[in-house]
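Reading through the structure tokens given below for one structure.
The values are calculated or read from the model by the stated rules, or taken from the named source; none is laboratory data. Not measured: the values here are computed from a predicted model. Using ideal geometry, Cβ is built from the backbone for each residue, glycine included, and neighbour counts are taken over all protein chains shown. Quick note on the areas: whole protein, heavy atoms, side chains included, nothing else; ligands and nucleic acids left out. Shrake-Rupley method; radii C 1.70, N 1.55, O 1.52, S 1.80 Å.
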Amino acid sequence: MNRSLFNTVCVAALTFGAAPLTAQETSNDDVFELGTIYIVGAKRPQDALSFPGTVAQADASDLSGRGVQTVADLDRVFPGLAVDTRSSRVYSNFTLRGQSSLDYYSPSVQVYVDGLPQDPAVLAQMFPGALESAEVLYGPQGSLYGRGAVGGVINVTTLKPGEGDRFSYSLGGSEESYQAQLRGELQLAEGLWADFSLARNDAEDDLQVMGTGEDVGGTVEDRAQLRLRYAPEGSPLDITFSAARNEVESSEEQFVMGTALAARQAVPFPSKYSHDTNSFGLTVDYDLGWATFSSLTGYQDRFLDRTIFGSYTPEWQETLTQEFRLSSATGGPVEYVAGLFYSNSEFRREAYGSTTTQKTESYAAFGDLTWHATDRLDVVAGARWDFETTDATATGVVTMRGSDDWNAFSPKLGLSYSITPEWQAYGIVSSGFKAGGFTRTLTPANIAYTYDPATTWNGEAGLKYRSNNGTIEASVAAYYSVTEDYQMFVGAAPAQYLQNVGEVTAKGIDATLRINQGPWGLSGGATWGESRFTDYDSSATPGLSYQGNDVPYAPEFTARLAVDYTHELGVGRGRLIPRLGLSYQGDIWFDEANSIGQDGYWLVDAGLAWEMSNGAVLDLYATNLTDETYASYGFDASSYGLGDVYQLGRGREIGIRLTQRF
């Protein structure tokens, strides 16, 4: 970041800090009550306490306090979630409860923004404007979400136009990066609102190329969004249209030899990409009184213009999704959601002398209900039927033409019992699947081009607690899952391709705690789990078994802790909030042979926020305060004469940020 921007932030902070401070102060003795927390991911309002499953939530202030700017940063907040930038943010690996996204074209964790599914290549995207909250549903969510949600679902929710601030901005940065965001909304007519947002996140180069000294490793991401909402007061109709453009220019796909980690010197192979995404959405809600009918239409097209290790491998994808659903009103003996889903995607990739194209269509019907059998006992049941068909072709060095179809039935059944008004116990059996298909990475080294569907069954039991005033929340859960026909990339880089490799068993325990008591705030959690191959058979390594090995990118232990303290400065002076955040990721392997990996490491974040009574916030922040050197990805590059190479996480950053809302 240039120093002029840094100085601008400081001057603006002093200017706003000197403005009249008129807001009412809050005493340290006041108790902040969390109240009832409802789940977005259930596709209908549902109390998080009685929901038969593990769920974690964080609002916009929680996320900004930890410096979370993108979906990929959420693993600093949510225990059990590990996000590793595998080569680039385009191919980020999301691991949840031992389910790794080893097929980066069909990840094991799905991301939804305002109810719309996101292209796998943009899962690590910058948060949209007017962010309200992020929510994680743990474990297979196949009955509601279908293909790919075997690890869980991340739901990002924004405030609708007409519900947020009229104007806001955020400006900040350090020597290593800078961020800027601007948002405004206005009322165009009675019941008609519009909002817009602009954002930039610039991460400066943090590596040098061996031999030349060239600075590389930086990323610039720009996002623009416009939304229109029609929701007349007293009308049952609520319509929102959104259009967004996201552009990324990056040289982050750099690799460092094991002997040059401390020096952060990248090997001299050209690696860069640009990634452009257009996103459109139309959501319609109509309140029938006894239920709400919703239509959610989404469209995304993206172009990845990529050079990796000197090879040019561009790809394109267009995806259209449509969901219709009917959600019951709350309060009856039976609450439900039922719907239909359709998607159509077209994909093209050019790499290593071949052009691959695929067209996939998916159809689904789903239903989920809760029967309040007694005032204490709830019975939850759900099911989904999916049908998918794919046509695939390849021309060039490799030629192929094929088509196939698959179907899956994904049920779930659970019980939730209120031991007392504060204590809730539950148990659930759920399922999920990943569709079969044709690998999108075709080279002459491929032994096979197709792969079968993978099916996951999961059992979970847990205990939840929420105090009467909502200031304390806690949960503990144990799970056990089995995945048959597990899918992952096999073979040597860069000629890897997707195949079934056998069976994976994952088991573990996770626990969370959240306290808001007086001036103190604390949230955190820990997970322990094993995710291992209990049967292994790969066409790429005939006769070689990795049975008993750990699944790549699945740490056995993770922990998260965030502590803050609110100190009132007196009437008209605002408050100071110092905070500390810790996150730990245990040992992980980058390959199924468990031959190359990363030892466990801690990341420390810290900050001091001055919340002024006029709505301005000046925030001094530090991420990776101890300047930990760690790898997020690695592979054997012996074919290039380099041995093992790694991609490094970013180092320490200390900066300042100013936010203002009107």
For a paramagnetic label modelled at 7 Å from the Cα of residue 387 toward its Cβ, which residues of region 351-369 fall within the zone defined by backbone nitrogen distances under 17 Å?
360-367
How much accessible area per residue does the chain have, in Å², with a 1.4 Å probe?
40 Å²
Measuring from a point 7 Å past the Cα of residue 329 along Cα-to-C-beta, which residues in region 263-292 have an amide N at less than 20 Å?
285-292
Percent of accessible area on the chain owned by carbon and sulfur, 1.4 Å probe?
57 percent
Which entries of 359/434; 43/412; 272/434; 464/507 have Cα-Cα distances beyond 22 Å here?
272/434
For residue 259 and residue 620 in the same chain, what is the full-extension length gain: residue separation times 0.36 nm, less their Cα-Cα distance, in nm?
126.5 nm
What distance in nm lies between label points placed 7 Å from Cα along the C-beta direction at residue 541 and residue 602?
3.4 nm
Bin width 10 Å, alpha-carbon pairs only: give the P(r) of region 246-343 as whole percents, running from 0 to the bin holding the largest distance.
13, 25, 19, 16, 14, 11, 2
When Lys and Arg each count +1 and Asp and Glu each count -1, what net charge do the other residues less than 15 Å away from residue 236, Cβ to Cβ, add up to?
-3
Looking at region 137-237, which GluC sites (Glu not before Pro) are DSSP coil and have at most 12 other C-beta atoms within 10 Å of their C-beta?
190, 233
What FRET efficiency comes out for the pair residue 235/residue 422, r = Cβ-Cβ distance, R0 = 45 Å, nearest 0.05?
0.70
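Tell me, rounded to the nearest percent, the portion of alpha carbon pairs in the chain spaced more than 47 Å apart.
13 percent
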Projected onto the charge dipole of region 302-434 (+1 at Lys/Arg Cβ, -1 at Asp/Glu Cβ, origin at the Cα centre), which of 356, 334, 380 gives the Cα projection farthest towards the positive end?
356
FRET efficiency, 1/(1 + (r/R0)^6) with R0 35 Å, evaluated for residue 478 and residue 654 via beta carbons:
0.30
Give a quick list of GluC sites (Glu not before Pro) in region 402-494 that DSSP marks as loop, anything other than H, G, I, E or B, with at most 10 other Cβ atoms within 10 Å.
none
FRET efficiency for residue 293 and residue 226, using Cβ-Cβ distance with R0 set to 35 Å, rounded to 0.05:
0.85
